[in-house]
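A.B. asks: After the structure tokens below, expect a handful of questions from me.
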Amino acid sequence: MNDSGDSEAVIFGAALQLPAGQRAAYLEVACAGDGALRQRVESFLGAHLEAGAFLESPAVILPAADGTDR
């Protein structure tokens, strides 16, 4: 990953740790006026929120081997 990609990953990770209401102020400082960087990180944050719990639960719950529900 290049320096730009490293910066994106670090800023994205740090922003995820903050409450949503504090992210804009953090991005203002962390991106230091780099509008393109901020836009990319905001895009990642938006995609992360849209994904939500997509993979946290199975799409199908199969019965246990003994025939009971899990």
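A.B. asks: Out of the residues in region 37-70 that are over 18 Å from the mean Cα position of the chain (by Cα) and among the acidic types (Asp, Glu), state the one that is modelled with the highest pLDDT.
C.D. replies: So, considering only residues that are over 18 Å from the mean Cα position of the chain (by Cα) and among the acidic types (Asp, Glu), the one modelled with the highest pLDDT is Asp66.
A.B. asks: If you go through region 1-36 one residue at a time, how many are more than 25 Å from Gly52 (Cα to Cα), part of a helix (DSSP H, G or I), open to solvent by 60 Å² or more (accessible area, probe 1.4 Å) and modelled with pLDDT under 95?
C.D. replies: 1
The values are calculated or read from the model by the stated rules, or taken from the named source; none is laboratory data. What you are looking at is a predicted structure, and each value in this text was computed from that prediction instead of being measured. Ligands, DNA and RNA are excluded from the accessible area calculation, which covers all protein heavy atoms including side chains. Shrake-Rupley method; radii C 1.70, N 1.55, O 1.52, S 1.80 Å.
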